[in-house]
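Here is the structure we will look at, set down as structure tokens.
Just so it is clear, none of the values below were taken in a lab; they were calculated from the coordinates. The structure displayed is predicted, hence computed values, not measured ones. Here the Cβ positions follow ideal geometry from the backbone for every residue, glycine too, while neighbour counts run over all protein chains shown.
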Amino acid sequence: MSDSSVLRTIDAIWRIESAKLIAGLARMVRDVGLAEDLAQDALVIALERWPATGIPDNPGAWLMTTAKRRAIDLLRRNKLRDQKYEEFGRGSDLYTENDMDLTMDGEVGDDLLRLIFTTCHPVLSQEARVALTLRLLGGLTTDEIAHAFLVAESTIAQRIVRAKRTLSAKRVDFEVPVGEELQDRLSTVLEVIYLMFNEGYSATSGGSWIRPLLCQEALRLGRILAEIAPAEPEVHGLVALMEIQSSRFKTRVNASGEPILLMDQNRALWDQLLIRRGLAALERARRLGRPLGPYALQAAISACHAQARLASETDWARIAALYEALSRVMPSPIVELNRAVAIAMAFGPAFGLQIVDELASEPSLKDYHLLPSVRGDFLVKLDRIDEARGEFERAASLTRNVRERELLLKRAAECSNQ
């Protein structure tokens, strides 16, 4: 295996293992910032050694063992932590492959769940909680997080640094809260899981359009939350949304990794078990008797697609109405853009184009590639081909995802051939 291939493999391993690694270390050292530093140290050692020695059979266990040794060394040098070190050294063995193979059994004591509630502590601002949790649990870069929030990368970097310092200074406990404190942190935890899933479902950058493992991790955390907060309709709503969206994974890309748009997917290949699970979760949210929140409304929109046997049978009028409801409980330019698509499908592209043109002056969408992409699609349907080509080219210049750029350039080329 070439050095470049090894480095790509290490990067992929880090994406998969980093959250578990940081969570396990945070439980040991009780400091999220220090846990990330120790995990990064292990990554640096891997980058130095693995090109020469090869990738170990269980890279996750190797990284944890290496990071744990660094933690032991650090505790040994810290005279103020001698007692903690003795307890740690007596009661812990180095991680084995079996340790790394263990999966969560739904208990609240799971390290990943502890980490997500710790990074969503009220001592942090809402923005800092989301940024830090995405960084540590989602393995997203500051650039990817910045793109998700449509803000500058430097702003995200500052939020993360300040958040880690605050957690350390306040000595925040590494635990899952209970009672009212659980309710206080739940909305941010849901937002983080939602953003994790979205990044996996449509990656903001890189050579792959989807990152299924990130979606699986988000869905797993959502299912756990549904067990510990069964009376919260939005928890069930988010789980429903992720279950239904996950049902499409087999059809979102072709054999070459190229994106397949929703209307072109083979619905016979959608995972019916995940759809049934999603519809059941949505029904649980409805049975709680409260107005549907943003996650449950988005799940209801996904359910409309899931229940349409053919793309042509999709109830776009209902979807447009659901987006209207969503815009009232969660107003945002992106929701409006999605509403424009639904209205165009239900009532014609001219109506959708009118909404999109009104969004053109929205500052937060200035560099958002889907705005010109959607506009280009409407223009094609209105037979304004030259304008459409320009919109697809602009959208391609704005996206950081290689596969999506290729798709947009292909659509621009098709306009040139008409």
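Overview of values
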quantity: Computed E for Arg267/Arg77 - FRET, C-beta separation, R0 45 angstrom, nearest 0.05; calculated: 0.15
quantity: Over the chain: helical MRE at 222 nm, DSSP H runs n ≥ 4 each giving -39500 (n - 2.57), nearest 500; calculated: -23000 deg cm²/dmol
quantity: Separation between Cα centres of region 26-60 and region 324-388, rounded to whole Å; calculated: 44
quantity: Principal axes of the chain: Cα extent on each, largest first, Å; calculated: 73, 55, 40
quantity: Point-charge dipole on Cβ atoms (K/R +1, D/E -1) for the chain, about Cα centre, debye to 20; calculated: 340
quantity: Potential lengthening between Arg162 and Glu48 on full extension [0.36 nm per residue; Cα-Cα distance subtracted]; calculated: 38.1 nm
quantity: Percent breakdown of C-alpha pair distances by 5 Å bin, ordered from the shortest bin, for region 331-418; calculated: 3, 17, 26, 24, 21, 9, 1, 0
quantity: Approximate spin-label separation Glu313-Thr9, in nm, with each point projected 7 Å along Cα-to-Cβ; calculated: 4.6
quantity: Cα long-axis angle, helix 402-416 against the chain (0 to 90 degrees, to the nearest 10); calculated: 10
quantity: Residue-by-residue Karplus 3J(HN,Hα) for region 244-253, coefficients 6.51, -1.76, 1.60, Hz, glycine and proline x; calculated: 5, 4, 5, 5, 9, 4, 5, 10, 7, 9
quantity: Separation in nanometres of the label points that stand 7 Å from Cα toward Cβ, at Phe351 and Ala152; calculated: 4.1
quantity: For Val253, distant residues with modelled amide H under 5 Å away; calculated: Ile260
quantity: Modelled FRET efficiency - R0 60 Å, Leu213 with Ala321, Cβ distances, 0.05 increments; calculated: 0.95
quantity: Under 20 Å from the Val402 label point (7 Å along Cα→beta-carbon), backbone N, region 227-265; calculated: 252-261
quantity: ³J(HN,Hα) computed for each position of region 45-53 - Karplus, 6.51 cos²θ - 1.76 cosθ + 1.60, integer Hz, glycine/proline x; calculated: 5, 4, 4, 7, 9, 5, x, 8, 9
